[in-house]
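*Asks:* Pasting a structure below so you can have a look.
The values are calculated or read from the model by the stated rules, or taken from the named source; none is laboratory data. As the structure is a computational prediction, the values presented were derived from the model and not from experiment. Every residue, glycine among them, receives a Cβ derived from its backbone with ideal geometry; neighbour counts consider all protein chains shown.
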Amino acid sequence: MSAVLTERPRTVLRRAWFWVAAAALVLAFAGVSVIVGGADTGGVTRSPTNPAPAGSRALAEVLQAHGIEVVIPTTLAEAVAAASESGSTLLLDDPGELIGSDGNSELRRTGARVVLVAPTSRTLIDYDDIAQPASTVEDEDAVVDADCDYGPARLAGAIDGAATTYQVLTGAGTVSCWVDADGAARVVVHEDGLHPLIVLGTTGLLENQRILDAGDAAFALGVLGATPRLVWFQPQQREGWGDDPGDATIGSVSPGWVIPVMALLVATVVAAAIWRGRRFGPLVVEPLPAVVPADETVRGRARLYTRANARLRALDAIRIGTIGRLAAALGQGANASVEQVAAGVATVTGRPLAEVLELLRDRTPANDRELLQCSDALRRLETELNGRMRP
């Protein structure tokens, strides 16, 4: 009968059990992540179409229920066209500065009432530079009073949540609300008649998860519902940085930390290559067949056993050689079993058979010291037998 070459399913599964278990673990983790965090990660933060806790769909639907038309443009051109209509409020939520100074100038020229959500210093410079970011408040449970003459702020009374505070740079026609001890305000209102501008540092009052806290809802509805039309613009692509694409380079559009981090990574890779790389010398011509010394082979195999902590396998290799030499000394054939060799050795040396069997077959070394002791004991046993056989 010929041998069966096809592996059994059990053998294949036993060989691949690690990868199967790893894949199952990854799938289970992904499933749990989707179930637990799927609702919190869906959609864009503060998007009027996002029903997740970080979205703003609740506020948008309440505004629409009160007759406010909510327009959601996706590009700068659509936002400019929508904000150019009379009676419009433009909400600009651009924390990544995706639209440049040209884009902000186009939006400013529409004449719409502008609400800037947590604007950066560069964005504020494009909008008359009335304020600059001062600090960040991390305490979401801190409740502060408005203490200002702005109508929606008086109606709300108090708001809460994390915020970015702003230091007012101009006093003409500017009202600061929710001012802290350092004089920085969470909301800055600049009413000059031509270009009304509101700087909104508290973003939590727009989100579904915090809209019902304190006076957040009253203030949000008062600010965004002041005109019959609300243009809610959240840029999702970079535009408004000039018409010439060649003006923008990778360095100009990348954060300042990118180049130093890349240089550090390159230096680390080079250092690791020099540290771990092996330097090969010139090729050496060696006549064939190549002869490898026996001691070199023994040392190489011993290093492999040491690296793998294979003490029992190393001891078995020593035992095999010892048993073969003992059988030859006793005049036994090459097919003699361990029990036969042990019985012959016990008869000649006078040692107990159980002691010889334990040494030749049963003893298991627990550490390197016991491995050396077993090796020395096998050498002494072989020397003793040779001395008895050839006095």
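*Asks:* Among the residues of the range 289-301, is there at least one that is in contact (Cβ under 8 Å) with a residue 40 or more places away in the chain and surrounded by 12 or more Cβ atoms within 10 Å (Cβ to Cβ)?
*Replies:* Checking the range 289-301: not a single residue is in contact (Cβ under 8 Å) with a residue 40 or more places away in the chain and surrounded by 12 or more Cβ atoms within 10 Å (Cβ to Cβ).
*Asks:* Among what's in the range 59-109 and is of a type in the set (Ser, Thr, Tyr) and buried (at least 20 other Cβ atoms within 10 Å of the Cβ), pick the residue that is farthest from Asn208 (Cα to Cα). Break it down into steps so the answer makes sense when it comes.
*Replies:* Within the range 59-109, the subset of a type in the set (Ser, Thr, Tyr) is 74-75, 84, 86, 88-89, 101, 105.
In the following step, the residues that additionally are buried (at least 20 other Cβ atoms within 10 Å of the Cβ) were identified as 88-89.
On the way: Ser88: 23, Thr89: 21 Å.
Looking at residues that are of a type in the set (Ser, Thr, Tyr) and buried (at least 20 other Cβ atoms within 10 Å of the Cβ), I get Ser88.
*Asks:* How many residues are part of a helix (DSSP H, G or I) and either touching a residue at least 60 places away in the same chain (Cβ under 8 Å) or among the charged types (D, E, K, R) (or both) if we restrict to the range 339-391?
*Replies:* Total meeting the criteria: 18.
*Asks:* Still on this structure: Residue check: is Leu116 buried (at least 18 other Cβ atoms within 10 Å of the Cβ), in a helix (DSSP H, G or I), in contact with a Leu (Cβ under 8 Å, 6 or more places away or on another chain) and of a type in the set (A, V, I, L, M)?
*Replies:* Taking the combined requirement at face value, the residue does not satisfy it.
*Asks:* Please determine, by comparing only the residues of the range 193-207 that are in contact (Cβ under 8 Å) with a residue 24 or more places away in the chain and surrounded by fewer than 18 Cβ atoms within 10 Å (Cβ to Cβ), which one is nearest to the chain's Cα centre (by Cα).
*Replies:* Of everything passing the filter in the range 193-207, His195 is nearest to the chain's Cα centre (by Cα).
Conditions (1) closer than 20 Å to Thr89 by Cβ; (2) modelled with pLDDT of 85 or more; (3) not basic (Lys, Arg), marked per residue:
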position: Asp213; (1), (2), (3): no, no, yes
position: Phe219; (1), (2), (3): yes, yes, yes
position: Pro260; (1), (2), (3): no, no, yes
position: Leu265; (1), (2), (3): no, yes, yes
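*Asks:* Report whether or not Val188 is more than 32 Å from the chain's Cα centre (by Cα) and either assigned by TED's automatic domain parsing to the domain that holds Arg109 or at pLDDT 80 or above (or both).
*Replies:* On the way: more than 32 Å from the chain's Cα centre (by Cα): yes; either assigned by TED's automatic domain parsing to the domain that holds Arg109 or at pLDDT 80 or above (or both): yes.
Judged against the criteria, Val188 is a match.
*Asks:* Report yes if Thr165 is in the same structural domain as Ile130 (by TED's automatic domain parsing), without any contact (Cβ under 8 Å) to a residue 60 or more places away in the chain, buried (at least 23 other Cβ atoms within 10 Å of the Cβ) and among the hydroxyl-bearing types (Ser, Thr, Tyr), otherwise no.
*Replies:* Taking the combined requirement at face value, the residue satisfies it.
*Asks:* Could you say which residue among Arg109, Arg154 is modelled with pLDDT of 85 or more, in the same structural domain as Pro95 (by TED's automatic domain parsing) and closer than 20 Å to Leu224 by Cα?
*Replies:* Only one candidate passes the filter, namely Arg109.
*Asks:* Here's another thing I want to ask about it. Testing Arg154 on (1) part of a loop (DSSP other than H, G, I, E, B); (2) under 28 Å from Gly87 (Cα atoms); (3) of a type in the set (D, E, K, R), one condition comes back false. Which one is that?
*Replies:* Failed condition: (1).
*Asks:* Something else: Considering every residue within the range 343-350, establish whether at least one is surrounded by fewer than 17 Cβ atoms within 10 Å (Cβ to Cβ), touching a Pro at 6+ places or on another chain (Cβ under 7 Å) and aliphatic (A, V, I, L, M).
*Replies:* yes
*Asks:* Also, quick follow-up: May I ask you to verify whether Pro228 is at pLDDT 90 or above and surrounded by fewer than 18 Cβ atoms within 10 Å (Cβ to Cβ)?
*Replies:* The answer is yes for Pro228.
*Asks:* How about the range 311-338: which of its residues are part of a loop (DSSP other than H, G, I, E, B) and over 16 Å from Asp362 (Cα atoms)?
*Replies:* Correct list: Gly331, Gln332, Gly333, Ala334, Asn335, Ala336.
*Asks:* Do you know which residues across the range 53-69 are without any contact (Cβ under 8 Å) to a residue 12 or more places away in the chain and either of a type outside the set (A, V, I, L, M, F, W, C) or touching a Leu at 6+ places or on another chain (Cβ under 8 Å) (or both)?
*Replies:* Glu61, Gln64
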